[in-house]
Structure formats: structure tokens, C-alpha cells
Amino acid sequence: MDIAVKSKELNKELDVEAIRKDFPILHTKVHGQPIVYFDNAATSQKPLVVLDAIQEYYKETNSNVHRGIHYLSNKATNEFEASRKTIAAHLNASHEEIIFTRGTTEAINLVAFSYGEAFVKSGDEIIISHMEHHSNIVPWQMLCERKNATLKVIPITHEGELKIEEYKKLLSAKTKLVAVNHVSNTLGTINPVREIIELAHAKNIPVLLDGAQAVPHMKVDVKKLDVDFYCFSGHKLFGPTGIGVLYGKSKWLNQMPPYQGGGEMIKQVTLEKTTYNDAPLRFEAGTPNIEASIVLANAIDYVNEIGLDKIAKHENDLLLYATEKLEKIQGLKIIGTAKHKTSVISFVIDGLHPSDIGILLDKQGVAVRTGHHCTQPLIDFYKIPGTVRASFAFYNTFEEIDIFVRALNKAISMLK
Ligand code: PMP
């Protein structure tokens, strides 16, 4: 079947051509060719509503929040707090449970420091998995070092799935927290997070989910999951960089000490003693990224208008289509073949280095990521130098996958 026809048929519910008009950067030319942007897991592109909202903020609202009594300051504060409510509604949380951070990394560091100060002591254990991003490894290693605690790791199968039976064995009275990703950025694996949470909760152990790669692709309901902490980054969700979210159950946030000291996070300061604000402001020291906090709500509204169900369906179609095409290439091996995956394909090719392939793809206008993707322990597990990773968003097309596969075949023939 002609690819354009097939694409239309598969896309019945999503008008990708119309959507692409919302993203000016997708019309860029790279080395003389239209860009094929397949690096969405690293960061996503921004629709016009987000770009316009950034300008609008600085033209009509710019002022500091929570401080002034003047018109603009009140306007900025209202929009900032309204965004917090939009994010809360999106996650089915309450707005006191939403903390603005710089991104997923800062959100995890906040919990590692603050929860760690309150609840982790010498001899305790924290559980992570073998497929974590460095952001969900290093903060826990630092905590364990500070507290003389131990990091335990859930092993994975060769397909890239967590070994749940092994996980069960790791849970003990010493475990103080389980921190795993909802979706792996390197493999695309969607982890069985409900089961992970239920098993931990059966032993009264809280769970943090790194949702950086989940939130752009699926509806996340923190109440349904009953998750204790959930983190994501705005820039992967079609919003600005420098903004992220930590969701935390009030029952934990209210027991956790501040992460940083400064303005906003206090109730009363004297030179002898300071009392702290309630959550979420207790965890938001200093002037926040006001513009990005506000604009993140525009990105969320945009995604919701399209519909996360439709997005997931289209992205899954792209994943299946690309997987089928790539599997036909001789010597190509897909890394990460879990049953449940988002639209991420990592692969290696016999005898070729991922970065050489990446460079030759770029010369043909195709943007992919190569290397360890900030998951060095995972890459070491597969005993490979890294992967080439193509990651799709809802604005990507079947035609782009065809261009990518042609460019890849050309790169292989040049390198072999
Ligand atoms: N966790 C995962 C699974 C990620 O994919 C990323 C970004 N690659 C991060 C954490 C870190 O996100 P950020 O750099 O936006 O803080």
C-alpha cells in the first residue's frame, strides 16, 4: 500500500498534517533537507501556543510572585497558582501537592535530600532498578553515602523488563523508598508501576516514580496509581525548559524538611530562628521560573486538546511501523523489546559505532540521539558502546520513518 494512503488510514483520528503547522521548528531545513526530528525523548518541540504564551507573559504579566501588592504582581501570582491547579488537575492531584522544580532531576534530588533527611538512617535501604536514568541513580547514591544506607537494584531481563520476582525479594523492613522510572528513556519499556507500588505499599514502603518519559505519552493519575512521589519535566511535555514538577502526597511533604533555604519558603524569620512555610511553598525557595511555570499549563492544555489517547495510538502505530522496517535491516539489533513500550527504539548495528551512524543520519537531516542516554549501567548490562535511539512524538509521520530508514541504509552502506 502506498505509504501516504497507509498513513492517512492509520491516522484517521489524528490530523498530523494540521498538528505539524503548530510547530514552526518542524519546518526547519537541516543540511538542505527538511528536518526529521526523532530526538523527542531528549526534548520535545514547542507548539505556537507555548511560544506565544512565553511572549505574552513578558509583554503583559512579568512581575515577581507572592510578594507585591501591585497589579502585575497579583496577575503573575494568579497565573502562577492557576498553572499549579491545571497541573494538579492533569495528574488528579491536589494543588498543595504540586511543587515547581527545575525539572525531573531537581525533583528527585529534592526527595532524596528532604525525604532522606527525615526518614533514612544508617543501615536502611533504597531500591532503584538497573534501567534508571542517572538522575534516578546518583541522588540516591549521594543519599546512601550521607546516611550510610545501601542502594539495592532490581535486575532486568534481556528484553528490558524488570524482574518482579527479584524485586519482591528486595523489599524488606530496611527498605525506606522504591524509586523507579515509569518509562525507560533508553528502552521505551513501560514498567508495571501499579504492581510495583502495591507490592511496596503492602510493606508500608513509599514509591517515587520518575515520569519524565511517561507524561508526554499517556494519562497519569497519581490517585489511581496511589504513588507517593511523581516527577516530570516540562520540556519533554512540549513546554519550556527549566521547569518541572514534583507531586508528593501531603502526608509525606508535611513531614519533610525544606530542601533549600531562602525567600518564599519561610513563615517568619528572626536572626535566632526561622519557621517554614507549608508545602508546596516550603520547597520553592527563591524566585521561581515564573514564565515557564505559567506556560507549562498552556502545554498541558494543548496536549489535552489533542487527547492523550489519540496521541498514544498514533505513537504506537509509528513504533510498530518503524520496528517492522528496522527489523528487516541486516545486522541491526533492537535493544529493548519489552511487551509494553512507548515510541522509543534503541538499536545497534553489527560492527558500527552508534555515533558514526548518528553523524551520517544528521547529514541527511535526521536527528536521533546516540550514546548511553544517561543510563550507563543499563548500557553496560547489554555490553554495548551505546545505542542509536529514535524517539517519536505525535507530530511525527510514517513518511518521516521512511526517510529515516532510507538514510540509515545509506549510512550503513557508507560505513561498511
Ligand atoms: N529521567 C528520565 C527517564 C529521563 O528521560 C530524563 C531526561 N532524559 C530525566 C530523568 C532527567 O530529566 P531532566 O534533565 O529534564 O531533569
At 222 nm, what value in deg cm²/dmol follows for the chain if DSSP H runs of at least 4 each add -39500 (n - 2.57) and the sum is divided by all its residues, to the nearest 500? -12500 deg cm²/dmol
Only loop residues by DSSP count here, and only those with at most 12 other Cβ atoms within 10 Å; note down the trypsin sites (Lys or Arg not before Pro) in segment 334-403 that meet that. Lys339, Lys383
Shape box of segment 134-180 [Cα atoms, principal axes, largest first, Å]: 34, 26, 11
P(r) tail for segment 206-319, what percent of Cα pairs lie past 19 Å? 57
In Å and from the alpha-carbon atoms only, list the Rg and Dmax of segment 61-304. 18.1, 59
Taking Thr375, Thr270 and ranking on accessible area (1.4 Å, protein atoms only), highest first, one gets Thr270, Thr375
Any of Lys174/Lys333; Lys341/Lys410; Lys176/Lys224 with alpha carbons more than 32 Å apart? Name them for me. Lys174/Lys333
Of Ala173, Ala53, Ala82, which has the largest mean-square fluctuation in a 10 Å C-alpha GNM of the chain? Ala173
Taking all pairs of distinct alpha-carbon atoms in segment 1-124, Kirkwood radius in angstrom: 19.2
Could you list, bin by bin from short to long, the percent of Cα-Cα pairs of segment 109-213 in 5 Å steps? 2, 13, 27, 25, 20, 10, 2, 0
Among His31, Ser94, Thr175, the residue whose Cα sits farthest towards the positive end of the charge dipole of the chain (+1 at Cβ of Lys and Arg, -1 at Cβ of Asp and Glu, taken about the Cα centre) is Thr175
With a cut-off of 8 Å between alpha carbons and a minimum separation of six or more residues, what is the relative contact order of segment 286-416 in percent? 25
Return one whole number: the accessible area per residue of the chain in Å², for a 1.4 Å probe. 43
Mean separation of Cα contacts under 8 Å, 6 or more apart, over the residue count of segment 61-304: relative contact order %: 24
Net charge over other residues, Cβ less than 11 angstrom from the Cβ of Val348 (K, R count +1; D, E count -1): +2
Using a 10 Å cut-off on Cβ atoms, rank the peptides 277-285, 225-233, 251-259 from the highest mean neighbour count down. 225-233, 277-285, 251-259
Report the relative contact order of the chain, percent, no decimals, based on alpha-carbon pairs under 8 angstrom and at least 6 residues apart. 23
According to the Cα gyration tensor, what semi-axes, each the square root of 5 times an eigenvalue, does the equivalent ellipsoid of segment 51-120 have, listed from largest to smallest in whole Å? 28, 14, 13
Over 32 Å (Cα to Cα) - which of Lys21/Lys363; Lys163/Lys219; Lys152/Lys416 fall in this group: Lys152/Lys416
Taking the square root of 5 times each eigenvalue of the Cα gyration tensor, what semi-axes in Å does the equivalent ellipsoid of the chain have, largest first? 37, 28, 18
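The values are calculated or read from the model by the stated rules, or taken from the named source; none is laboratory data. Computed from a predicted model, the values in this text were never measured in an experiment. Cβ atoms come from the backbone with ideal geometry, glycine included; neighbour counts cover every protein chain shown. SASA here: full protein model, heavy atoms, side chains in, ligands and nucleic acids out. Shrake-Rupley method; radii C 1.70, N 1.55, O 1.52, S 1.80 Å.
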